[in-house]
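Asks: Encoded as structure tokens, here's the structure I'll be asking about.
FYI, it's all coordinate maths here, none of it is from the lab. It should be emphasised that the depicted structure is a prediction, and the values quoted were computed from it without experimental measurement. With ideal geometry, Cβ positions are generated from the backbone for all residues, glycine too; neighbour counts draw on all protein chains shown.
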């Protein structure tokens, strides 16, 4: 049976749509680079935090970014064709069976264990590598003793890295302790570059910058901290499918936990947790949220409207009673985050972080690049 090719999706009439402002992302990178003492790379793992590495990485490369960080060798291999002249680091290192792919695509694995270092050494210098040293986060990394032993053995990484656990809390004592621990460990490898800070760490000041900073979330419009407010990059919208009228005392959504205290107008928005609107942002009846907020909100016609009841897989109910009736109609678009609703505020209301919102965006969005 023959199937005619589908026409390209039409952003103007899409049920869910996502606008990605690449210029804003580049502007954010330049602003961070201006604050960094040394060079500035970019974290583009998880498909550039859900926004599309195929559009973000080349734009950053054109702006002058020369170092990109991904999670896996496979991510790096896909990225190579987009940034042919850049260095690409795989922060999960290298595993047996990936050697040929890493060598052919010139991916730099970031080794975090003696076993990974042994695997890389067995390649006889065919692959550059970096090392990751744990300085207090207890996530990935060589211990200080393992790093010293590797240096004494003549190991020659191109970069030495660590990661701050509490950089988004500038006064946390662990920041200074990790920095103090990292300095002598980086010095063990005199010929290697050093890198400690991602987005929040950069704002701690030049003592944390070393040779290369590696911003992530700040590139994509998240993380307002220390006077730095990145430009919004992503705007997520979905259609109003229906406007309903409900009486005081009636309930809304699953579980009947949201009981209306007044006669209400309810906008039914055509997006739910399958589209990245976390159920924890529901207006009521979701015990897993403990964010100190009553629930999330959306923006319609320049007005903010609270979410009612539990967010469902494909639908979100919103109280539009206080918005003039002529401003909200079936078919209008509601903004879940963007210029009217900062993504950090949206994430906080759901008891999560902007990273998780961006990387949870579903597949139903029609995307527009500006």
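Asks: If you stretched the chain out fully between residue 229 and residue 242, how much longer would it get, using 0.36 nm times the residue separation minus the C-alpha to C-alpha distance?
Replies: 1.1 nm
Asks: Assuming R0 = 35 Å, what is the FRET efficiency of residue 54 and residue 176, from their Cβ-Cβ distance, to the nearest 0.05?
Replies: That pair, residue 54 with residue 176, gives E of 0.35.
Asks: Evaluate the relative contact order of the stretch 22-220 (contact order divided by residue number), counting alpha-carbon pairs under 8 angstrom at least 6 apart; express in whole percent.
Replies: Working: 372 pairs, mean separation 42.1, N = 199.
The value is 21 percent.
Asks: Please give the calculated 222 nm ellipticity per residue for the chain, where each DSSP H segment of at least 4 residues contributes -39500 (n - 2.57) and the sum is spread over every residue; nearest 500 deg cm²/dmol? Write down the numbers at each step before the final one.
Replies: On the way: 11 runs with 93 residues, N = 370.
Helix contribution divided over all residues of the chain: -7000 deg cm²/dmol.
Asks: Also: In whole Å, what is the distance between the alpha-carbon centres of the stretch 89-168 and the stretch 184-211?
Replies: 16
Asks: Using Cα pairs under 8 angstrom and six or more residues apart, how large is the relative contact order of the stretch 125-216, in percent?
Replies: 26
Asks: Quick check on the stretch 22-220: what are the equivalent-ellipsoid semi-axes from the Cα gyration tensor, as sqrt(5λ), descending, whole Å?
Replies: Equivalent-ellipsoid dimensions as semi-axes: 24, 23, 13 Å.
Asks: Can you tell me, using C-alpha contacts under 8 Å and at least 6 residues apart, the relative contact order of the stretch 234-369 as a whole percent?
Replies: Computed over the stretch 234-369, the figure is 30 percent.
Asks: Modelled label-to-label distance, residue 190 and residue 257, 7 Å Cα→beta-carbon offset: nm?
Replies: 6.2
Asks: What ranking do 17, 80, 329 get, fewest neighbouring Cβ atoms within 10 angstrom at the top?
Replies: Final ranking by Cβ density, sparse to dense: 329, 80, 17.
Asks: Per 0.36 nm of contour for each residue apart, how much would the distance between residue 313 and residue 148 grow if the chain were fully extended, relative to their Cα-Cα spacing?
Replies: 54.3 nm
Asks: Also, I was wondering about something else. Run the quick spin-label model on residue 360 and residue 332: label points 7 Å from Cα toward the beta carbon, then report their separation in nm to one decimal.
Replies: Each label point lies 7 Å from its Cα, and together they span 2.6 nm.
Asks: Continuing with the same structure: Over all directions, average the projected area of the Cα convex hull of the stretch 228-364 and note it in nm². Numbers along the way, then the final one.
Replies: Numbers: hull surface 32.4 nm².
Here the figure is 8.1 nm², rounded to one decimal.
Asks: Out of the DSSP beta bridges found with both residues in the chain, what percent are antiparallel (nearest 5)?
Replies: In the chain, DSSP labels about 55 percent of beta bridges as antiparallel.
Asks: Also, I was wondering about something else. Estimate the FRET efficiency between residue 127 and residue 207 by the formula 1/(1 + (r/R0)^6), using the beta-carbon distance for r and 35 Å for R0, to the nearest 0.05.
Replies: 0.65
Asks: Once you put a point 7 Å from the Cα of residue 104 and another 7 Å from the Cα of residue 158, both along the Cβ direction, what distance in nm separates them?
Replies: With each label placed 7 Å out from Cα toward Cβ, I get 1.9 nm.
Asks: Enumerate the whole-percent occupancy of each 10 Å bin, from 0 to the last occupied one, for all C-alpha pair distances of the chain.
Replies: 5, 22, 27, 22, 15, 8, 2, 0
Asks: Something else: Measuring from a point 7 Å past the Cα of residue 66 along Cα-to-C-beta, which residues in the stretch 137-161 have an amide N at less than 13 Å?
Replies: Counting only backbone N, you get no residues.
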